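Only one structure is covered here, and it is reproduced in the block below.
The values are calculated or read from the model by the stated rules, or taken from the named source; none is laboratory data. This is a predicted model, so every value here is computed, not measured. Cβ placement follows ideal geometry from the backbone for every residue including glycine, while neighbour counts extend to all protein chains displayed. Side chains are part of the model used for accessible areas, which takes the heavy atoms of the whole protein and leaves out ligands, DNA and RNA. Shrake-Rupley method; radii C 1.70, N 1.55, O 1.52, S 1.80 Å.
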Amino acid sequence: MARTVLKFGGTSVGDLDRIANVADIVADRAARGEHMAVVVSAMAGETNKLVAFAEGAAGPDLSRENFHDEYDVIVASGEQVTAGLLALALRRRGLKARSWLGWQLRLKTDEDHGRARILGFDNSGLPESIDRGEIAVVAGFQGVTDDDRVATLGRGGSDTSAVAVAAALNATVCDIYTDVDGVYTTDPRMVPKAQRIPKISYEEMLEMASLGAKVLQTRSVELAMNHNVPVRVLSSFLKPGEPNPGTLVCSEDEIVEKQVVSGVAYSRDEAKVTLYGVADKPGVSAKIFSALARAGVNVDMIVQANARGPERANMVFTCTDRDSPIAKETLEKMSDDIGYQQLEVTRDVSKISIIGVGMRSHTGVAETMFTALYEKGINIDVISTSEIKISVLIAAPYTELAVRALHTAFGLDAV
């Protein structure tokens, strides 16, 4: 018996009218014979309010160890409210429905409260309930630890919950309903000629999600790829029966005609850290990046080149803008240990990336990218590449110009 999983984000369930619209969508699909689990987020703005409550009650001095387990209890309640409301709306339409919370699902996680990772499922009776025709309304974003404590999965965790449920149920598809009607070649608010992509590979979507595209959460795409779960991105603001083709995220093998470049992503939350005159000897890089990792700084691009002085090197890396003060403080404390001559942090920068599986088999992609930026007078600070991606760091004021130029240069204005 085929099972499907539907997921609705915070804007899709933002008030009772929108929850009613979601109930209509679910009822329409149930009428077509689908057996479903429906994963929901908290209502838009609710999680932020709950976070503020938790932080206000705890005060500024409570340690993480004494805070985060109860923080999870508080913020997980947002999804619980939505699940109950949607179950009631479905019952009002004459459907069999019930809510399932993380501990009832037995969605097992580790004990890293506030950013837990999914370990698997214990037997919960969910598949049998769905097969009996009952619609399971699942509170996303949450699971349970081995010691029966609530744990949350971090921001965007409801996407990850939905894919995990789809994998556990061997669902034919996981449909992510959101406030856009699919994945676009770039941000359509920035580039009006951006096109909806009918199909995109897991690898491309993973790169786009990690490089700034906000449609899907990175961990959810990674989980879908690992378990080969087809994911569709659909609009929740279209009425049942209206055309809603969305975007299918699937295996590369299912895409017949591959674009050389499928999309252009950007991120403004970037900073460049430069260490001039670092001692060029074994172990220095390990010391630097081990210390940054312990400080919780996520490092992205890394470039090292010989300096003018003997046995010296210049090292450049990027991190999120919000992490740059922590990175600076960490490296300043290590000045004597690693022996650099100067530390410089540049915060007004953006990362622009082109992504496409077709890059594996086509030459000249880098030339096209760099020429397009040169013709617009845009200087490149740092370059990073992979098999299906090229990223560059540029001055932030040129972000929109760069995205538009690359979108046109790779023929994405009229895919």
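With a 1.4 Å probe and all protein chains left in place, how much accessible area per residue does the chain have, in Å²?
47
Taking the chain as the reference, fit the longest principal axis to its C-alpha atoms, fit the long axis of helix 284-294 to the helix C-alpha atoms, and give the angle between the two in degrees, 0 to 90, nearest 10.
Tilt of helix 284-294: around 30 degrees.
Determine the distance separating the Cα centre of the stretch 305-334 from the Cα centre of the stretch 29-104; give it in Å without decimals.
First find each Cα centre; the distance between them is then 41 Å.
Between 0 and 90 degrees, rounded to the nearest ten: what's the tilt of helix 365-375 against the longest Cα principal axis of the chain?
Around 70 degrees separate the two axes.
With a ≥ b ≥ c taken as the square roots of the eigenvalues of the C-alpha gyration tensor of the chain, please select rounded if a/c is under 1.5 and otherwise prolate if a/b is larger than b/c or oblate if it is not?
Details: a/c = 2.28, a/b = 1.43, b/c = 1.60.
Oblate shape, in that a/c is at least 1.5 and b/c is the bigger or equal ratio.
For the chain, set up a Gaussian network in which alpha carbons nearer than 10 Å are linked by springs, and say which option among Val392, Val183, Val233 fluctuates the most.
Looking only at Val392, Val183, Val233, the biggest GNM fluctuation is shown by Val392.
Shape verdict for the stretch 157-242, please, from the Cα gyration tensor: rounded (a/c under 1.5), prolate (a/b greater than b/c) or oblate. Mind showing how you got there, number by number?
Details: a/c = 2.05, a/b = 1.31, b/c = 1.56.
Oblate, because a/c is 1.5 or more while a/b does not exceed b/c.
What relative contact order, as a whole-number percentage, does the chain give when Cα pairs under 8 Å and 6 or more residues apart are counted?
Reported relative contact order: 14 percent.
Per residue of the stretch 111-119, what does 6.51 cos²θ - 1.76 cosθ + 1.60 with θ = phi - 60° give for ³J(HN,Hα)? Whole Hz please, x for Gly and Pro, Karplus curve as stated.
Values per residue, Gly and Pro as x: 9, 7, 4, x, 7, 5, 10, 6, 9 Hz.
Pull out a ≥ b ≥ c, the square roots of the eigenvalues of the alpha-carbon gyration tensor of the stretch 77-123, then state rounded if a/c is under 1.5, prolate if not and a/b is larger than b/c, and oblate in the remaining case. Spell out each step's value before the answer.
Details: a/c = 4.82, a/b = 2.11, b/c = 2.28.
Oblate.
In degrees between 0 and 90, to the nearest 10, how far off the longest principal axis of the chain does helix 16-31 point, with axes built from Cα atoms?
70
Net charge near Asn306: determine it from the other residues with C-beta under 9 Å of the C-beta of Asn306, scoring Lys and Arg +1 and Asp and Glu -1. Spell out each step's value before the answer.
Values: positive: Arg308, Arg312; negative: Asp280.
Within the 9 Å Cβ shell, the charges total +1.
Could you compute the net charge surrounding Ala396? Neighbours are other residues with a C-beta less than 12 Å from the C-beta of Ala396; K and R count +1, D and E count -1. Write out the running numbers ahead of the final one.
Working: positive: Arg268, Lys272, Arg347, Lys351; negative: Asp269, Glu270, Asp321, Asp348, Asp381, Glu400.
With Lys, Arg at +1 and Asp, Glu at -1, the net is -2.
Please get the size of the charge dipole for the chain, origin at its Cα centre, with Cβ charges of +1 on Lys and Arg and -1 on Asp and Glu, quoted in debye to the nearest 20. Please report the intermediate quantities before stating the final value.
Working: 44 positive and 56 negative charges, 156 e Å.
Computed about the Cα centre, the dipole is about 740 debye.
Output the relative contact order of the stretch 1-72, whole-number percent, from Cα pairs under 8 angstrom with separation of 6+ residues. Please report the intermediate quantities before stating the final value.
On the way: 57 pairs, mean separation 27.9, N = 72.
Worked out over the stretch 1-72, it gives 39 percent.
Using only the Cα atoms, work out Rg/Rh for the stretch 208-329, with Rh taken as the Kirkwood radius, to two decimals.
Values: Rg = 20.7 Å, Rh = 18.2 Å.
Rounded to two decimals, Rg over Rh is 1.14.
Pick from Ile255, Ile352, Ile394: which is most flexible by mean-square fluctuation in a GNM of the chain where alpha carbon atoms under 10 Å apart are linked?
Per the Cα network of the chain with a 10 Å cutoff, Ile255 tops the list.
Quick one: go through the stretch 43-84 and flag any residue whose amide nitrogen is under 18 Å from the point 7 Å out along the Cα-to-Cβ line of Lys214.
43-49
Can you put Phe410, Phe370 in order of accessible area, largest first, using a 1.4 Å probe?
Values: Phe410 35, Phe370 65 Å².
Most to least solvent-accessible, the answer reads Phe370, Phe410.
Run the accessible area of the stretch 279-369 with a 1.4 Å probe and give the carbon-and-sulfur part as a rounded percent.
Working: 2270 of 5070 Å².
After summing per-atom areas, the C and S share lands at 45 percent.
For Lys333, list the aspartates and glutamates whose Cα falls under 17 Å from its own Cα; do not include residues on the same chain fewer than 8 positions away.
In chain and number order, the partners are Asp323, Glu344.
At a 1.4 Å probe radius, which order do Asp69, Asp15 fall into by accessible area, largest first? Present the calculation step by step, with values, prior to reporting the outcome.
Details: Asp69 40, Asp15 65 Å².
Ranked list, largest accessible area first: Asp15, Asp69.
Can you compute the helix-only [θ] at 222 nm over the chain? Use -39500 (n - 2.57) per DSSP H run of at least 4 residues, normalise by all residues, nearest 500 deg cm²/dmol.
On the way: 14 runs with 146 residues, N = 415.
The per-residue figure over the chain is -10500 deg cm²/dmol.
Using a cut-off of 9 Å between beta-carbons, work out the net charge of the residues near Thr320 (Lys and Arg +1, Asp and Glu -1, Thr320 not included).
Working: positive: Arg322; negative: Asp269, Glu270, Asp300, Asp321, Asp323.
Charge balance near Thr320 sits at -4.
With +1 on each Lys and Arg Cβ and -1 on each Asp and Glu Cβ, and nothing else charged, work out how big the dipole of the stretch 301-406 is about its Cα centre, in Debye to the nearest 20.
Dipole about the Cα centre, nearest 20: 300 debye.
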